[in-house]
Structures are given as C-alpha cells and as structure tokens.
1. Once the convex hull of the C-alpha atoms of the stretch 296-347 is built, how many Å³ does it hold per residue, rounded to a whole number?
2. How high is the relative contact order of the stretch 66-342, in percent, with contacts defined as C-alpha pairs under 8 Å that are six or more residues apart?
3. Expressed in nm to one decimal, what extension gain is obtained for the pair ALA171 and THR326 from 0.36 nm per residue of sequence separation less their Cα-Cα distance?
4. Can you give the extra length, in nm with one decimal, that the chain gains between THR28 and ASP244 once fully stretched, where that is 0.36 nm per residue apart less the Cα-Cα distance?
5. What is the set of long-range amide H partners of VAL54 at a cut-off below 5 Å, with H atoms built 1.01 Å from backbone N?
6. With Cβ to Cβ distances under 13 Å as the rule, what net charge do the other residues near ARG287 carry (K, R +1; D, E -1)?
7. Quick one: net charge around LEU186, please, counting Lys, Arg +1 and Asp, Glu -1 for every other residue with C-beta under 13 Å from its C-beta.
8. To the nearest 10 degrees, how steep is helix 312-322 against the longest Cα principal axis of the chain, on a 0 to 90 scale?
Amino acid sequence: MTTTLLTGIGSLVTNDPEIGEGPLGLITDAALVIEDDHIAWAGPAGRAPGTDTVSDVGGRAVVPGFVDSHAHLVFGGDRTQEFNARMSGRAYSAGGIRTTVAATRAATDEELSATVARYLAEALRQGTTTMETKSGYGLTTHDESRALRIASGHTDEVTYLGAHIVAPELAEDPAAYVELVTGEMLDACAPYAKWIDVFCEKGAFDGDQARAILTAGRAKGLVPRIHANQLSYGPGVQLGVELDAASADHCTHLTDADVDALAQGGTVATLLPGAEFSTRAQWPDARRLLDAGATVALSTDCNPGSSFTSSMPFCVALAVRDMGMTPDEAVWSATAGGARALRRTDVGRLSPGARADLAVLDAPSHVHLAYRPGVPLVIGVWRAGERVAG
Ligand code: NIG
Ligand code: FE
C-alpha cells in the first residue's frame, strides 16, 4: 500500500456535500490522501494524516476528473468540408453520418483503434478520466461488432448504437434494418457493450422503432440511453424516461411535458453544447431543466460530424455562457452529473472510497473553467492514483 498526500489545494471540489460546502462539497486550503488507486481522506490541509509521499499543488484548484458520458470515437475520415459548408450557411442534418459510415467501413482495425486512443488521450490531457464511446458508424453486423470490440479495448463505457441511422443499403426497407439491429447485430454486439442507444429523430428512428430497439437491448442485458429531441420535438425524451434510460441526450427541443418527465423520472438529461456550437443550433435550456429539478450532465458528444471537440472545459464554458448554468452547476454536471449518467458511484467525486481521478487547474478556483474560456488550465491529471498527464 502506498499513500500520497496531495496538499496545498487552494480550492477542492469534492462533490460530496457531507465533507464540504454546498452541492460541490467545496473545501478551501485542502488536502487529499490517495491510497493506491482511491481517495482515502479529504479535508482541510491542517488536519491531514501522515503519508509516504507528499505533493504540493501550490494553492491551485483541484476538481474530480471529468466524466464524459457521450462520445462517438470509433470513426474513419473527417468532415471538414461539411463543417466548412455549414459555416457558410448550410444546415446540419443526420444525413452527414453516411459519409462517416463509408469511411469507417473502409478503415482498418488498427486505424480505428488508433483513432479511439488518440481522442481518449486528447481528452485525458484536458482532464477527462472517464469517457464513454459508441459504435454507430458501421451499421453492419461485422462493422458494428468490430467497432465495439475495438472500443472495449480502450474504455469500459461502451455503447451499442447500431441504430444511429438506417444503413444506406437498407434505406428503402427500414423495418428490415430494425430487425437486423434487434436480432443478429445485437447478438454479435451485446458481449462488448454495457449500454444500448438509438438516435430517435426524424430521418433516423421514430418512437416505435426506438422502443423496439431499446427493449430488445434490455432483454440482452444492455441498459438503455437515447439520443432524444436534438433536432426537433419528438417522443425520445418521454420514451427514455418510461424505459428508465440512464440518460436522454441532447434535450434541445423540449415541451413542458418533456421537462416534467425528466424532473420526475430517474433519467439524467445530458446536454451536449459542442453540438449546438458546431451546428449553429439553438442552445439547450439547462436553466429550465435545473429549475424543474432534473439532473443535468454535460458531455462533449465528440464525433467528426456535429461536435468535433474532446474538451470538457470548453463545454463547461459554453454551458455557463449560453445555457444559463452557474459555474458551480456546470462543473458539477461535467463531473458528478456524468457519473450519474453512467450510473457510476466510484467516479465524479473526490471523497473517501472514490477512484483517485482528478485534474489540477492552473487557477485558484474551478470557476476559472468558465471565466477563462479556451485557456488550457488543466496542468495535471491523475487517474486511479497515478499521475497520467501534466
Ligand atoms: O450525437 N445525433 C446523432 N449522432 C451524433 C452526430 C453524428 C454525426 O453527425 O456524425 C450526435 O450529434
Ligand atoms: Fe451523439
């Protein structure tokens, strides 16, 4: 057993209201004891117990490692041209996914694996210590199961999204594609995945199809999550809550009934500001959800089409500037909120028993994540008790 004291923490976000102030469980002039891979103690520096080694962070802020619960990292190619066209006025549509499907099918296993590793490492340098990733750019039994096998070599949080869009070769027969996604493809993919997701949207899957897909996944032991109400109003959010999905993601176009369902149910509303930024779309209204009592998570949605960012600090800044969140709420949503969306209790907090996943900021407070947008404030990252970046 090795114990390390991380001390000189000017401001520590624990996300544990029992050991610090407010919902963030904030402690000033703090210290943490890391024992092997987990947090053994957190509190005022003056009361810290003795340890084998000591590391002083010089008055900087420490936050839990970010928990990015929504990303699409298994892809080939890129969509620079599409982004350029969009920034010249063209609208975003689900159809762009087809471009990435063709490039992903053409990529080798080694290329796809290198891509996943690259973006996980890029996110890690920016403080993300837990990151989910989905399939969804293969859309054949072979390509979806290959994507999930590759993803599962890099992260435990793997989601089967065979129902991203109807595969181009079955565009004229969506019922046959739903049958494939809920049958042979599901059987091949389930062993590699923890979650099942569906893009419930005009141009992708309607409410009945989404229900059939999520229910079939659940029967195979996968837990539902859902891309819901991103581009238009629709049945996705309420279906997600009804099926007790872990999260309903996007939540951009919500009726009062959708907001009530999220506030009353156990489904986390995961907001993805990178997507609205990169598609110049209407911002999701985080304030409305929070005021109603919903649990909100923030994630990057990192993918080559609608949101090509791996930066949780950037998402925190956008959520504060444009979605009505306070800096405290946004930091909670990017850490504890993400953990709720992944139904994890071991990450997203820095209190005894949690995995020792944290980011050291070159700033006196977590508020600087929003106050100093675009500045690389994360200067040290620890995951499972080891310094992995900075
Ligand atoms: O979450 N909404 C569906 N899927 C992705 C977009 C994927 C793409 O455009 O390639 C999203 O935004
Ligand atoms: Fe997505």
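All of the numbers you see were taken from the coordinates with simple rules; none came from a lab. Only a predicted model underlies this, so the values are computations on that prediction, with no experimental measurement involved. Quick reminder, even Gly has a Cβ in these numbers, built from the backbone with ideal geometry, and neighbours come from all protein chains shown.
1. On the way: hull volume 4.1 nm³, N = 52.
So the per-residue Cα hull volume is 78 Å³.
2. On the way: 617 pairs, mean separation 51.0, N = 277.
Result for the stretch 66-342 is 18 percent.
3. Numbers: separation 155, 0.36 × 155 = 55.80 nm, distance 4.36 nm.
Gain in length upon complete extension: 51.4 nm.
4. Numbers: separation 216, 0.36 × 216 = 77.76 nm, distance 3.78 nm.
Computed gain between THR28 and ASP244 is 74.0 nm.
5. The answer is LEU5.
6. -2
7. Working: positive: ARG218, LYS220; negative: GLU144, GLU179, GLU184, ASP187, ASP197.
That works out to -3.
8. For 312-322 against the chain, the angle is about 80 degrees.
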